[in-house]
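All remarks here apply to the structure that follows.
The values are calculated or read from the model by the stated rules, or taken from the named source; none is laboratory data. Predicted model only: the values in this text are computed from it and were never measured. In this analysis, Cβ positions are derived from the backbone assuming ideal geometry, glycine residues included, and neighbour counts consider all displayed protein chains. Please note that ligands, DNA and RNA were not included when accessible areas were found on the heavy atoms of the full protein model with its side chains. Shrake-Rupley method; radii C 1.70, N 1.55, O 1.52, S 1.80 Å.
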Amino acid sequence: MQASCARVMALATLVLGSLSPEALDACKAISSAAPGRVAMQSSLQYNKEVNSYWSIALHDVRPACVVFPKSATDISAAVKILNKHEKVRFAVKSGGHSVTPTHSSVEDGVLITTSAMVGATFDKERMVAYVKPGGKWNDVIPMLEKSGVTMLGGRIGIVGVGGLLTQGGISFLSSQYGLAADNIVEWEIVMADGSIKRVKAEEEPELARALRGSGNQFGIVSQFTTNVYPIGKVWGGTRLYAADKASQIFDAYHNTFKKGEDTKAAIILSTFWSPFNVQFFIIFYFYDGPFPPTSGGFAQLLNIPYTTSTTRTQSYSNLLRENGELPDALKARISFHTTTVPYVPDRPDIYEEIRAKFGSLTQHEINQRLIPECSISFEPIPATVGKQSEKRGGNALGLTADDPDRMMLAIECAWNLSSDDDLFVRLSEELTDWIEEQIPEWTKGRDIYLPYLMNDAGKGQNATGTYRDFGKLKALQAELDPNGLFRTRTGGFSY
């Protein structure tokens, strides 16, 4: 027994000895200020949290310690101490769905996880929900559904709550009510100086707009107050299609953009490349009602022959849970990349051009390495989203009622070996570079505002730099964070 304990102590000394003294001092100070809330590298609690990221690449990132706050007061204590340790970097983690190593994880720094702050409660009188930042949508939506309501959140149940809400968030309900962030009416947030602030959208509209899509650049949110809406049975699920259905699928997808299309209908159209030249499509369907429409682009998609299907009438929470089962089973190193593309009525061929280009970039590499897959998800952002955003006070992305129809591309690759990390990020970059070169030709030179959706942006992408009001947002961030705590010492997209 003594020998075993000695080996454990020797291992702990070896691990801790590799950490910077500054980071260890910060961890010790936070532990003193918030007893029982800090886990060091030698603990089971630490390892469970660090290994809970969706992309296994992030399991390699080892913070000096993990802080598990249960309240805004705990977060405040950590932030005040971090202000005194100017060389120590930190990160904030919600559900762990982000795949860029520096965004919600940190090497030899302080990781603040909100995994002990989970859940939502419904206020019937105000018709709002009080939502904690930790956990995933599988934790939140079922709680609200018991009261016959829902909020705008993730379309896949395994996505984290805090990350999606602070970065904008497309919902299946966005054509009806705007982005998920647009529906937040109040934030309990720990500011850069460690003070706890309650921001009400009606009282501070400029700051509220900034908080809707800026990520963690203005503070660490400890609670969201958000609008809720009635929800009953919905229709949806996934359908798998063979690659030879591409022309039919893209033709119907193009028609879903037509003005006047049912705002209760939503889809995610994903095209995949797998080993041995296997290609296929998966479409995630959603309709806010028990039965799908019988006309329009949505109905046209439903008429295309498929290989397998899970579509049916079901609860909203069950739909989101099932949507997450396939990606949750994907144990791999993963990258995200994004760009935004205009809807061009007379160019239905754009989608196949994009698909063909990414296939030419990736299929050989996939076959050589036998990796799980690469994919592009074509996600409609119809003009109605901007109208609903402006109606609710606007957001950091600058969406307005004058917006055109657009689509966001979520570009994803999954692989096995760390030696391939740079390769698959580069291939995604090559695709987005090529797309952005084609846009002037597709639009015949028309200037169309095309901001990135931060939720799906990846390594090296300047998401905030695409925002229309970048200058104003940067100035506001500097005013509220004069020492650059969030701008220079934490991961994520900065101003």
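Structural remarks
- Against the chain, whose longest principal axis comes from its Cα atoms, helix 421-442 is set at around 40 degrees.
- Estimated FRET transfer efficiency when R0 is 30 angstrom, pair Asn277-Glu107 (beta carbons, to 0.05): 0.20
- The 1.4 Å probe gives accessible areas that order Thr400, Thr100, largest first, as Thr400, Thr100.
- The HN-Hα couplings worked out from phi for the stretch 187-203 by the Karplus form 6.51 cos²θ - 1.76 cosθ + 1.60 (θ = phi - 60°) are 10, 9, 9, 8, 7, 4, 8, x, 6, 9, 10, 10, 9, 9, 4, 6, 9 Hz, whole numbers, x standing for Gly and Pro.
- The stretch between Asn51 and Lys197 holds 49.4 nm of extra length on full extension. This uses 0.36 nm per residue minus the Cα-Cα distance.
- Along each principal axis, Cα extent of the stretch 342-495, largest first, Å: 50, 44, 25
- Approximate spin-label separation Thr308-Glu206, in nm, with each point projected 7 Å along Cα-to-Cβ: 5.4
- Solvent-accessible surface of the chain, averaged per residue with a 1.4 angstrom probe and all protein chains in place: 40 square angstrom.
- Dividing the summed -39500 (n - 2.57) terms of all DSSP H runs of n ≥ 4 by the residue count of the chain sets its mean residue ellipticity at 222 nm at -10000 deg cm²/dmol.
- The loop-placed trypsin sites (Lys or Arg not before Pro) in the stretch 381-470, going by DSSP, that have at most 12 neighbouring Cβ atoms within 10 Å of their Cβ come out as Lys444, Arg446.
- A straight chain from Ser295 to Lys258 at 0.36 nm per residue would run longer than the Cα-Cα distance by 12.1 nm.
- Placed amide H near Arg212: partners under 5 Å, 5+ positions off or other chain: Ala396
- Computed over protein heavy atoms with a 1.4 Å probe, the carbon and sulfur contribution to the accessible area of the chain reaches 53%.
- With Cα atoms as the point set, the radius of gyration and Dmax of the stretch 238-381 evaluate to 15.6, 46 Å.
- Per-residue Karplus couplings for the stretch 78-91, computed as 6.51 cos²θ - 1.76 cosθ + 1.60 with θ equal to phi - 60°, are listed in order as 5, 5, 4, 6, 4, 5, 8, 10, 5, 8, 9, 8, 8, 9 Hz, Gly and Pro entered as x.
- Projected label distance in nm at Ala329 and Ser360, using a 7 Å step from Cα toward the beta-carbon: 3.4
- When all alpha carbon pairs of the chain are counted in 10 Å bins from zero, the resulting P(r) reads 4, 20, 30, 27, 14, 5, 1, 0 %.
- Over all pairs of different C-alpha atoms, the stretch 302-405 has a mean inverse distance whose reciprocal, the Kirkwood radius, equals 17.7 Å.
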